[in-house]
Every structure is written in structure tokens, then in C-alpha cells.
1. Test of understanding: among C:Glu424, C:Glu409, which residue is without any contact (Cβ under 8 Å) to a residue 24 or more places away in the chain, outside any loop (DSSP other than H, G, I, E, B), away from every other protein chain (no Cβ under 14 Å) and acidic (Asp, Glu)?
2. From the list B:Ala79, B:Ala17, which one is over 17 Å from the mean Cα position of the chain (by Cα) and within 14 Å of chain A (Cβ to nearest Cβ)?
3. How about segment C:208-228: which of its residues are in contact with a Ser or Thr (Cβ under 8 Å, 6 or more places away or on another chain) and either of a type in the set (S, T, N, Q) or part of a loop (DSSP other than H, G, I, E, B) (or both)?
4. Select from segment A:380-407 the residues that are more than 26 Å from B:Gly100 (Cα to Cα), surrounded by fewer than 24 Cβ atoms within 10 Å (Cβ to Cβ) and more than 7 Å from chain C (Cβ to nearest Cβ) and list them in ascending order.
5. Among (1) closer than 20 Å to C:Phe211 by Cα; (2) among the charged types (D, E, K, R); (3) outside any helix (DSSP H, G or I), which single condition is C:Glu11 missing?
6. Step by step: first the residues of segment C:20-45, then only those that are of a type in the set (D, E, K, R) and in a helix (DSSP H, G or I), then the one that is farthest from C:Leu60 (Cα to Cα). Which residue is that?
7. Could you please find all residues in segment A:301-317 being polar (S, T, N, Q) and outside any loop (DSSP other than H, G, I, E, B)?
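The values are calculated or read from the model by the stated rules, or taken from the named source; none is laboratory data. Owing to the predicted nature of the structure, the values given are computational and were not obtained by experimental measurement. Every residue, glycine as well, gets a Cβ built from its backbone with ideal geometry; the counts of neighbours run over all protein chains shown.
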Amino acid sequence: MSTVLEHLVNQPYKHGFVTEIEAETAPKGLSEDTIRLISAKKNEPEWLLEFRLKAYRHWLTMAEPAWPNVKYPKIDFQDIIYYSAPKPKKLNSMDEVDPELLRTFEKLGVPMNERAALAGVAVDVIFDSVSVATTYKQKLADVGIIFCSISEAVREHPELVRRYLGTVVPSGDNYYAALNSAVFTDGSFCFIPRGVKCPMELSTYFRINTQESGQFERTLIVAEEGASVSYLEGCTAPKFDTNQLHAAVVELVALDNARIKYSTVQNWYAGDERGKGGIYNFVTKRGLCKGVNSHISWTQVETGSAITWKYPSCVLLGENSVGEFYSVALTNHHQQADTGTKMVHIGRDTRSTIVSKGISAGSSNNSYRGLVKIGPKADRARNYSQCDSMLIGARCGANTFPYIQVQNATARVEHEATTSKIGEDQLFYFQSRGVSPEEAVSMIINGFCKDVFQQLPMEFAVEATKLLGLKLEGSVG
Amino acid sequence: MIDPNASVLLEVRGLTATVAGVEILKGIDLTVRAGEVHAIMGPNGSGKSTFARILAGHPAYEVKSGTVRFEDRDLFELAPEERARRGLFLGFQYPVEIPGVSNSAFLRLAYNTVLGARGRDELDPLEFDDLVREKMKLLDIDTSFLDRSVNDGFSGGEKKRNEILQMALLEPRVAILDETDSGLDIDALRVVANGVNHLLTPENACVLVTHYQRLLNYIVPDYVHVMEGGRIIMTGDKALALELEARGYDWVVEAHKGRDKAAA
Amino acid sequence: MTVTAIHPCVEALLQGSRGLPRMPLAWLNARRGAALERANALTVPTARDEEWRFTDITPLTRIVFRPAAAAPRLGMSDIAQYIAPEATAHLAFVDGVFVPELSANAGLPYGVVVTHLTAAFGTHAAVIEPHLARHAAFERDLFAALNTACLRDGAFIWIAKNQRCPTPVQLLFISTQQETAAHPRCLVVVESGADCTLIEDHVGVGDGAYFNNAVSEIVVGERARVQHVKLQREARSAFHIANSAVTLAKDATYTSNAVTFGARISRHNLAVVQQGEGATCRIDGLALISGRQLADTHTAIDHARPNGKSAQLHKCIVGDAAHAVFNGKVLVRAGAQLTDSAQQSRNLLLSPKAHVDTKPQLEIFADDVKCSHGATVGQLDTEHVFYLKSRGLSEERARSLLTYAFGAEVIDRIPVPSLVEHLERAVLEQTQARPQAGGEAS
């Protein structure tokens, strides 16, 4: 690998600073007492405490999954802080936000001030364990949309939360989902009532600040009959030498004719160039296309985290429902990613599309793992999958593990995978036409990821393009 | 067109080079003046393509000794993209495929970078589209090229046409075409010849690296050089190309050996 | 792996290893001993093992298989129908036992040896020693361990340097007896520059529930070529597990045509290691199954060195309540630059209860490579059916013709014309016999 490529991937992480802010922090360690403490801090109803305790007891019986193609030392779950909140806890207006916190998010480019906000994007901001601010709440409430932190939703709309929480990802679904169900601290909640098209993009920004804290957020989005919403999430964390655990759960429910579009730009701290530090991103994301003609679309641009383990999935239960997954996963240095999707076709005439683009550089390892399952009743189900890998340099790895299970003779499933590269010859070709290697790399990467970037909302697409450029700076040439 | 007073565009002196430790070029001398067409011919493995790629700055080769001046600059001090911006153009023998990158975006980026470096205004996509379509019409190249990825899935002939289109857009001072004619049918060959003939003015020059005389029926060279074993062993005019066509290369090689012996 | 009480099924299978005569070859006794140790230690795979996730072998473990008692009496007339006329040499093994009367291996050209292992131990020990039980790893595979622990005899083919075996060599493994187990073994060593076509043929006579546990090791020297045809036409109640381990030296070529028709449950593990630079393999497979058959093919192509090529086409035609499994792994190791690999898994489901699990798999650790894979599951193209109907064919005829054509693509590549003809007829019969329930009907 030439020095230009090398130089291109080695851009410093820009979000690695720590905010000095007074926080209320629970002692390290996990027990039923920790869970009771979290629940008490949040004034939760009894049923939610029971939900947590049941999940915790189940978690104790489970084993960490061994099948992902990732390696990391054993996590000491007693060495993690499960609750950390900046003081004062919750605010009535933006004016009460700690100025230090405001400056933090300003630095990160996240608009917490409605006047300065990106036009048409409402933001919920999560700092370590709690939501610190949500913008445009009133404007959304005017059309009947509830967009707030999940803690607030538990207080204000307990019946809605109770009806849907854990229905898509059951509390014992997998090791990290069970852990999340036991200790989740905050997250976003949105509810789009029947027939309402959400007038703006909804967005949550996650920030881990405390060194020893884990982040266990829980997001729940419900789109009722005929409703539609586009939701964005972004994440960053400071640079620490130690690893922080992020084990989130996201549940989406789409009823008849509803449409949910969920986009992620994940830029958690990835560790340094020797692989020290970084976030363990062990996330369960699943959408349930419950109603007929419902539509759930996942788009992710994964560039951060030391380890990524996530499979945003769609359960296509409603007849004629549609699931989509568009992903760019970039790994560099010693990052490891085992990511992909599951498309579970249960209802008739369900369709799914998977487009996955993996880019590996440095000594990283990038795996696509996907499941397409066509159940016996899913007549005429269709799936199309395209999984492409690009390798930059000779020390990285790219793997593709697609599982295709078909139990219906009328189904049609197509899967294709290819590899491509940015090699000396490609770069030389660009150079001989006057184009610098940096521009060449950016053009090739953008071409490679085009089908995914097209799915992102405009501002995010621009962000994502820049982010990939930064992440790869130094790796090509 | 030979004009002994025309300015020297490219001057190669005693060039030797290796790839992976093996000596490929063993002392090349060549002077190219404005307005001239040079043909470099020779059997396979004689070093013709290596010479062309070294001039463009391919990283696989190591220059051991000798100098190359490109107009008033030391060529080896320039990165490949700087050479291109100053007007050196290599038409590739095997143009690479770059899936996902749209050909029209690539052409526009190259055009704006190269012509921009010479003080020309950047063209926006619409302006560029007009320009490129005009060029394509002139060269008889199918406009469907614009909607495809760079060389991706192109046939051999299509790739070569795309090279000629790039040459026409970038208006080089010195164009080096590396076996651009090989494997082409007669129509594609005409496109290539047409492109070169459009380019030729008293200010520019062209170096054709070729194995066959065929292309020289369409583009009349001022000089024909025979390369063998990493050296230019004979230089003549168009008549030499015809003689090579009729008699092959062996007699030149023999004659050269004879001369070497006589010298020794 | 935890050591548990040995499974009764394995214990019965290991009876075959008892009372084996000790060989004068110490290395052979040692290898058998090591395999026996592993067979005792390994557990019977279940759906919890990733490699056996879709293949439930419980029915196999419920039967207590014993080694065949007496040599069965078969005559030449019983087996003639299976012998390909092109094959001038063939070896016949009945219920695991070599039968010289049914074999023909005389008059082979110089440098071509086709014989059974126990004979070869005396004459070619130096050729056998570096290879036997060296390529088919039994450390983690119970069935390879069982086969090796029970190794008594088997087929041995040796083609000396730069020699060609002008006609195919057929190895015929016939099973005749209910509830018996056989452990067929082949060692094929093709030295540098040599060439050989091999037909490995597993045939069931009658309809017994027997267990055939085969291991083949094929060693292809520099610039050598081996064409390997594997036919699995076991009885419909039988169990067939086969491990084929192939090692390729520099610039070697290996082609495999594996056709699966028979057995209640079958599993074929084909592992090709391209140990030398510039090696090439082409692997084609067809499984044509119906009823409640399960056919599982696991292939692994290991590109260990640069400039290797591999091409694979695996097809399954699945009728009734049958179940096809395919797992195709392609590994490109660090440094194996300029590897060119293409893999296709194509599956045709003919009836509502048929199902398929397929998993093409790429693991790439070199950047300058060209790798692709594709998988499809579906039905016959309705446009094609319509086209044939518009030319006067009935729906049923059109479908059976297209199904036949789907399978014939793989069979046509078999380098033995009489087998092509025979197998195509079998595919045609199968595809006509079955009502075509898939498509838009359900």
C-alpha cells in the first residue's frame, strides 16, 4: 500500500474530547439493586421494574454470543457504570441547559437550539445515560406526534410504551438485548398517529462522555396506520484508552400502510491506530412490519467503534410489506465489524432489498452477515441482496456470510457478492488524467457507496461522504 | 511534419530503468519536437510499453539513470498528475475498469483539473455535457459512454475509444499512445486515427507505440524507431515501417548485432 | 468440547476398528490409533454445530450399524450396468470389501497403478506414507475419524510423473446389506505433469438402510490434472457421508463433478487446498432429490497462494418435501494475490414443501483479487415456460423439459460421455415422473 493511501486513512478523530461537567453517577457494578436504583431514579412504574428484573434474571442464564467474527477480551460487567447523568437532570427549556453541554454539542455540530437548528430537523440529545434536550416538541405535538425521551414517555404516555416495548425485541432475545432490557437508561420515543406524515426529520444524537460508563439506550418508534416518519441517529464519544460498552436496542413498529425510514451515521470512537480503546457497539435493531403494505427501511453508515456487532432487521409479517437495508461499513486500523441484516419473510407477497458495501483498510476485519428467511406461508416473497467488499491494503480482511433459507417454492431470492479494490493501477489511471490520489480515492469510494448514500436524507449524505473521506485519509496510495 | 527549428517538447537521454530488479530499458535516447509524429515499433517484450509507462510516471518502474526533459522541466520531478496537467498524455494499452465511478463525472473532473491548471475556466456539468457531446460527435463515439462507469464492462474497442475521447478533451502537448491500435477492428482504428489527426497541430506532438504498421496507414509518422532489448536500434521514416511489415524484425536485430560486433 | 459418554451409534461404528490386523507399517498403525482416539473424543454433530446447522442426522444415529458380516455374493452380471464402458480399469468394493473377481486393473500403461491399498502397502508404501490420512483431517471431523480408525483397505491410484492414464478409472463402492456400515477409502496420487480421470461411484443395491462413510484423498502434483466424477446413487433409505480432500500443487488443475441422486440423508464435504501458486479448480455439483431426502454439500476452497483460480456451480432440484443444503466457502489467504474466484449456487424448488438452505461464503484477506458469488432460489422462468407452450408443448412437458435443462447444465460438463448419457436419462425420468406442483400453483 502506498504512502498516499496510508496517509489518507489516518486522520485524527475529531470528536474525542471530554466535557468537564458535573454528573450524578451510580457506583460501578450490576445487580438487582443497580436495576432498582435506575428504576427509582427515573420514578418508573412497577411494571417496568418487573420488565427489567425479568430481563436481568434471564440474562444471568445466557452466554455471550461466540459466533460473530470478532475478537475481544472478556467484558467485566461489574466494572461498568450503569447510570451517569449530567446535573441538573431534566430541563424545561433550552435556556436551562448547562452552557458547557451546549458548547459540547455545538462543537459536535449538533443543533440544540431551535433558532440555530437545521431547518426541519427535530433533535433529541442523549448524554451518557439520559436525554438532555429535545427540540421542536411543541411543533410536533401540534400534529399529534409524540417525540421525547423514553423516560418521559414512560411518565407521560405509559400505556403506549407498555403496549409496544419489548414486542419487537423480546427482553430475552439475545445476550445484549437482555442486558439492555435490564439496565436501559434513556433513549428516544416517537409515536406517529394514524394518517400523519411527520413534517420534519426526527433525529437523536448520542454522546458517551464518562470513561467507565456504558450506554444502554432504548429507542421505540411506532407508526400507526398510514403514518410515516424519517428518523436519524448520530453518535460520538471521547477518546479513552479503555473500551466502553454500548448495547442499545431499537424497536420499530409499522402498522398498515405505515412507513418508517431509520438512518444511522455511527461514528463512535474507534480506538487508536494500534487498536487501543474504542467503543464496543453491540446493538439490536429490529423493525416489525406488522400491517399490510407497511415499509421499513434501514440505512446505516458505520465508520466508528472498535467493534461493531449489529444486524438491523425486518420482520415482514404484514402482507405485501417491504423491508430494506442499505449499509456502508468502513473499518480501519484494528476495527472489527460483523454487521448485516435479517429479513424474515412471514407474510405473503413480502419483498426485501439488501445493499451492503464493506470497506476494509489497515489491519481491520469487516464481515457482512445476513439472513434471508422465507417462511412456508410467504408466498411469492422476493429478496434481492447485493454485498460488495472493497479492500484497501493487504493486511485487512473482508468476509461475506449470507444465510439463505427458503421454505416456500414460490419465493425468489437472489444474492450477489463481489469484491473490488483501490489499487495502484486505478490510482495511476486517475493521476495520469491529472487527478490527485486523494480525489481519486474519494471518487472511487463515493462511486462504490452511491447506492447507499442515495438513501440518506440530503444533509446526512453530505456528512457521510465527508466522514468516509476523513476516515480513509492516509490509507490509499 | 519535421521542422528542425521547432521547440523540443520531450528530450530523453540515456534512460535506463528496472522493474522488480530486472533491467528493462538499457539506454534510450529520443527527441520529440513540436509538430512531429513518432512511431516506436518493435517485437513483444522489447520495452516499448515500459518506456511509455515510465514517461507517464507509473510507480512500478524504477528509473536508474538518464534524464527526461518535458519542455522546460525535469520530468522525474513531477508527480504523474502534474505531468498530466502540464500536457503529457498516456493512452493506456489496458485501461483499468473503475466500477461505480460515472464516466461523465470522471471526464469532467479530469477536464477541469487539467485545463484548470492551464488557467481555463471550470465547466459545470451542463457546460461540460455540451462540450463532451460535441467532441464525441466529432470522433464518432457513442454518447452512451457517458452514462456508464469508467471502462466498466467496456469491450476492448470501447476502452480504446474512451482513451481517445480523453485525449481529445485534455488537449495534450505530447500524446503517447501505447498500443492503442492493437485488437481493434477497422472502424475503431479509424476512430483512433481520426482522434490523433485532430490533435496534431504545429504545437503538439504524438508518440505512437505500436506493434503493427496498420495504424501508420492512417497517421503518417515523421520518424519510425525500432526498439529491441530496451534500446532504440534503428530509426527511419515511414518506409522503414513498411519494410518491417514485409520482412519482420529479425533482420533489423541481426543488422544491429552486426554493427555492434563491427564496433567491438 | 466436553467428553461425554460415547454415543451408542459411534460405539457400534467403531466395532469396525476392532480386530483390525496390525499392519507391518508402524506409521499406519499410529495414524489409525490417533483417529480412533479422536473418534472416541468427538461428539455426534447436532444443529448447534455451525457446520451441521441445517442437517439433522438424528435418523442416522438411531440405527446401530454393524460391519458387514460375510462377503456377499455378487457376480459380474450384477454390476456390469454400473461400469462406464470408457473405463478400462475399475475396482469393485462390496460392503467395504475389495472383490478382485469383480475388478479389472490389468494391462494399464507404464506408470499407472490402480490397485487396492492392502496390496499397495507392500509395493508403494513410500508413495502412500506421505499422503494417506494426511489430507483428510480427522481432528475435528467425527466421520473422517471413524473412517480412518476403521481403515483396512481401499482404493489406490498412482500416476507417475508425466504419465497419462488415457481412460477413466472407476471406483465402484456397492452396498448391499441392511444396517451395515462401510468406510470406503481412496487415495489418489497424481505426480507432476500427470493426468487422470477418476469416477468415484457409490451404488446401493436393494433398499436397505445402510451407512456408507467414505473418505477420498486426492493429491495433484505440479502441472498435473485430475478430473474427479463423484456419483452418489445410494439406496433411498441409506445414509451417505463423504469427505473429499484435494490438495493442489503449483499450476495443478482439478475438476469435480459431483452428482447426488440417492440416500435418505447425504453429506458431501469437498475441501480443495490450492497449496501451490497458479492452481485451478472447477467444482460443479448437482443434487436432484425428492421424497424426504436431504442432500447437504459443503465445499471449501482454500486459495493459499497467488494466481489461483476457482469456479463453482452448484445446483439443486428439490421436489416433494426434500431438503437441500449448500455451504460454499471460499477463502483467500493473505498474500494470495490475483486470485480469481467465482461461485454460483442455483436452486430450483418444485413443490410447496421443498426447502433449501444455502450459504455461499467469502473470506478474503488479500486486496488484489477478483471474487464473486451468487445464489438464487426460485422457480422455472415463466417466460421460458410460456415460450415452450407457444410452440405447442403442454405445461407439464414444458416444465419437465426446463427442469431437465437446469440439471443437464451440470451433467454436460462430465468428461465421460456414457455417464453424461446415462445421467441425463436419469434426470429426465426423475423430472417427468414427478407432478410439478411448484410455481404459481400454491
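1. Matching residue, one of C:Glu424, C:Glu409: C:Glu424.
2. Working: B:Ala17 fails: within 14 Å of chain A (Cβ to nearest Cβ).
Matching residue, one of B:Ala79, B:Ala17: B:Ala79.
3. Result: C:Gly208, C:Ala209, C:Tyr210, C:Asn212, C:Ser216, C:Gly221, C:Glu222, C:Arg223, C:Ala224, C:Gln227.
4. A:Arg380
5. That leaves (3) as the condition not met.
6. Pass one, segment C:20-45, residues of a type in the set (D, E, K, R): C:22, C:31-32, C:37-38.
From the residues that got through so far, the ones that are in a helix (DSSP H, G or I) too are C:31-32, C:37-38.
Details: C:Arg31: 26, C:Arg32: 24, C:Glu37: 22, C:Arg38: 20 Å.
The residue in question is C:Arg31.
7. Going residue by residue through segment A:301-317, those that are polar (S, T, N, Q) are A:303, A:305, A:308, A:313.
Those that are polar (S, T, N, Q) and outside any loop (DSSP other than H, G, I, E, B): A:Thr308, A:Ser313.
For every residue, the table says whether it meets (1) in contact with a helix residue (DSSP H, G or I) (Cβ under 9 Å, 6 or more places away or on another chain); (2) surrounded by fewer than 19 Cβ atoms within 10 Å (Cβ to Cβ).
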| residue | (1), (2) |
| --- | --- |
| C:Pro166 | no, yes |
| C:Val169 | no, no |
| C:Val189 | yes, no |
| C:Cys196 | no, no |
| C:Asp201 | yes, no |
